[in-house]
1. If each residue of separation counts as 0.36 nm, what is the full-extension length gain between residue 156 and residue 113 once their alpha-carbon separation is subtracted?
2. Using a simple charge model, +1 on the beta-carbon of Lys and Arg, -1 on the beta-carbon of Asp and Glu, nothing else, what dipole does the stretch 3-62 show about its Cα centre, in debye to the nearest 20?
3. Suppose each label sits 7 Å from its Cα in the direction of the beta carbon; what would the residue 14-residue 40 distance come out to in nanometres?
4. Under a cut-off of 21 Å between alpha-carbon atoms, report the lysines in cross-link reach of residue 147, not counting same-chain residues fewer than 8 places apart.
5. How much net charge surrounds residue 125 when only other residues with a Cβ under 13 Å from its Cβ are counted (Lys, Arg +1; Asp, Glu -1)?
6. Just to confirm the filter: which GluC sites (Glu not before Pro) across the stretch 67-159 are DSSP coil and have at most 12 other Cβ within 10 angstrom of their Cβ?
7. Work out which helices of the chain, taken as complete DSSP H runs, extend at least 18 Å along their axis over the Cα atoms and score a mean Kyte-Doolittle of 0.0 or more, then list them.
8. For a quick check of your reading of the filter: which trypsin sites (Lys or Arg not before Pro) in the stretch 57-112 sit in a DSSP loop and have no more than 10 other Cβ atoms within 10 Å?
Amino acid sequence: MNYFELFDIPVSATVDKSVLAKKYFELQKKYHPDFFVQEDETAQQEALEKTSELNKAFKIFKDPDATIQYLLKLKGLLQEEEKYPLPPEFLMEVMELNENLSEESAVAIADFEKDIYTEVSSIIKNYDDSTTSTADLLKLKEYYYKKKYLQRILDRIAG
């Protein structure tokens with residue numbers, strides 16, 4: 001069972017936070033281990049596992065980037081430790097930002113993130129599991145890796 005099925009929500013690139021919270025609390029009430037103390041050991045273990053899965057899913061769905069990552073993994077388009085080749089023009093732009101790191105760089109990177117988001121915003125906002133194409137998912141994958149790359153630079157600035 002994937003996390004979308006667990007929460008009984010449609011597969012999507014974004015999750016409505018109000019629906020997410022409501023579903024999470026409903027499921028916590030249903031599966032919380034405290035409600036299974038009178039049950040046998042198997043039922044108690046299943047409740048623990050279900051609660052653990054709920055917590056993992058909730059953490060992922062609260063984070064937009066983690067949700068996109070999970071969706072791409074679910075679709076078989078993202079692998080652990082994948083070496084994704086970013087477009088050379090993107091790398092050139094980022095290299096210029098990277099060479100002159102300063103406080104202003106964070107602002108420039110934030111603007112850059114907005115630009116790359118604009119390229120995929122309609123895919124993210126209008127995702128429909130039955131109609132979104134593999135080509136659109138591959139654009140989403142490229143966005144994910146670009147954003148991840150930019151985040152590493154921001155982490156260096158902050159660090």
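Here, each number is a calculation from the coordinates, and none is a lab measurement. What you are looking at is a predicted structure, and each value in this text was computed from that prediction instead of being measured. All Cβ positions, glycine included, derive from the backbone under ideal geometry; neighbour counts span all protein chains shown.
1. Stretched out fully, the residue 156 to residue 113 stretch lengthens by 13.9 nm.
2. Rounded to the nearest 20 debye, it is 520 debye.
3. It is 4.7 nm.
4. Straight-distance partners of residue 147: 59, 62, 73, 75, 83, 114, 125, 139.
5. -4
6. 80, 81, 82
7. 103-125
8. Passing sites in the stretch 57-112 are 83.
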